[in-house]
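A.B. asks: I'd like to ask some things about the structure below.
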Amino acid sequence: MDTKIQLSPIGIVHSCFGEKFGVPRQPLLADASRAAIELLPPLDTPEAVAGLADNTHIWVLFQFHQAAGQWSAKVRPPRLGGNRKLGVLATRSPFRPNNIGLSVVRLLQVRTSPRVELVIGGADLVNGTPVLDIKPYIPYADALLDAESAFAAEAPEPVVVNIPQGILQQAEAYRDDWGTDLPALIKQVLAQDPKPAYQKPDPERIYGMKLCGFDLRWQYHENAISVVALDPEPGGDDAQAT
């Protein structure tokens with residue numbers, strides 16, 4: 001029996017996250033993040049999204065396209081500091097046999113012109129992510145109040161983030177087609193501490209990530225993060241919806 005399954009993307013993500021480093025490790029942890037899912041043929045039609053706007057949240061099934069083929073039976077979850085291994089199926093690691101991801105996100109807007117796309121908030125999706133399916137989030141069935149997870153019982157404690165006044169003003173002036181609050185997004189993303197959990201940062205080291213068409217850079221000082229630069233990327237904001 002042929003057990004192979006062939007899947008074709010139904011959409012593509014245009015995201016504020018230009019690369020996988022710095023993307024929140026779970027959805028909704030950075031609620032200010034914005035993305036749009038552009039639907040591809042044959043689903044690029046208003047009929048395919050009729051009634052979807054009646055939902056506040058949706059499930060997005062997608063492919064970890066930057067992690068394809070990179071997996072092992074045991075992995076080191078960041079929540080455990082990278083010092084303990086668990087079976088890959090006991091974690092949310094992106095390095096999986098079929099590299100399929102699942103995220104619940106806020107549905108902010110359903111657009112049908114000039115293209116069919118879904119504007120979403122709280123996304124943990126890198127720009128260019130292929131989308132395999134979309135389903136409405138059903139609260140009575142999907143919110144299980146008695147569910148437990150031993151190693152990730154609650155969200156991690158946020159790190160204090162300091163943004164100098166000049167950079168803060170620069171971020172406040174940012175505008176895009178999704179209504180992104182860039183100062184809030186910077187704080188929410190960095191408060192999750194993007195660096196590997198096992199790594200002790202050198203206070204002289206400068207970290208960086210691509211965010212909303214900017215090169216965001218920061219340093220660690222006394223259990224806090226200090227933003228040191230927010231420079232426009234060459235070529236402008238490729239992730240921004242237009």
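The values are calculated or read from the model by the stated rules, or taken from the named source; none is laboratory data. Keep in mind it's a predicted model, so treat the numbers as computed, not measured. Here the Cβ is made from the backbone with ideal geometry for all residues, glycine too, and neighbour counts use every protein chain on show. Quick note on the areas: whole protein, heavy atoms, side chains included, nothing else; ligands and nucleic acids left out. Shrake-Rupley method; radii C 1.70, N 1.55, O 1.52, S 1.80 Å.
A.B. asks: Can you name the residue in region 133-156 that is surrounded by 10 or more Cβ atoms within 10 Å (Cβ to Cβ) and more than 30 Å from V110 (Cβ to Cβ) and, of all such residues, is nearest to the chain's Cα centre (by Cα)?
C.D. replies: Checking each candidate, the answer is P156.
Residue by residue, here is whether (1) in a loop (DSSP other than H, G, I, E, B); (2) under 30 Å from P194 (Cα atoms); (3) within 12 Å of the chain's Cα centre (by Cα) holds:
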{"residue": "D2", "(1), (2), (3)": "yes, no, no"}
{"residue": "I12", "(1), (2), (3)": "no, yes, no"}
{"residue": "K20", "(1), (2), (3)": "yes, yes, yes"}
{"residue": "P27", "(1), (2), (3)": "yes, yes, yes"}
{"residue": "D31", "(1), (2), (3)": "yes, yes, yes"}
{"residue": "I37", "(1), (2), (3)": "no, yes, no"}
{"residue": "P41", "(1), (2), (3)": "yes, no, no"}
{"residue": "D44", "(1), (2), (3)": "yes, no, no"}
{"residue": "E47", "(1), (2), (3)": "no, no, no"}
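A.B. asks: Can I ask one more? What's the number of the condition V49 fails, among (1) under 19 Å from I134 (Cα atoms); (2) crowded, with 18+ Cβ neighbours inside 10 Å; (3) touching a helix residue (DSSP H, G or I) at 6+ places or on another chain (Cβ under 9 Å)?
C.D. replies: Single failed check for V49: (3).
A.B. asks: Sticking with this one: Looking only at helices (runs of 4 or more DSSP H) that fall completely inside region 130-225, which ones have 3 or more residues that are farther than 30 Å from D44 by Cβ?
C.D. replies: Once the helices (runs of 4 or more DSSP H) in region 130-225 are filtered for at least 3 residues that are farther than 30 Å from D44 by Cβ, what remains is 165-172, 182-191.
A.B. asks: For region 99-123, which positions are assigned to a strand (DSSP E or B) and open to solvent by 30 Å² or more (accessible area, probe 1.4 Å)?
C.D. replies: Scanning region 99-123 gives I100, L102, R106, L108, Q109, V110, R111.
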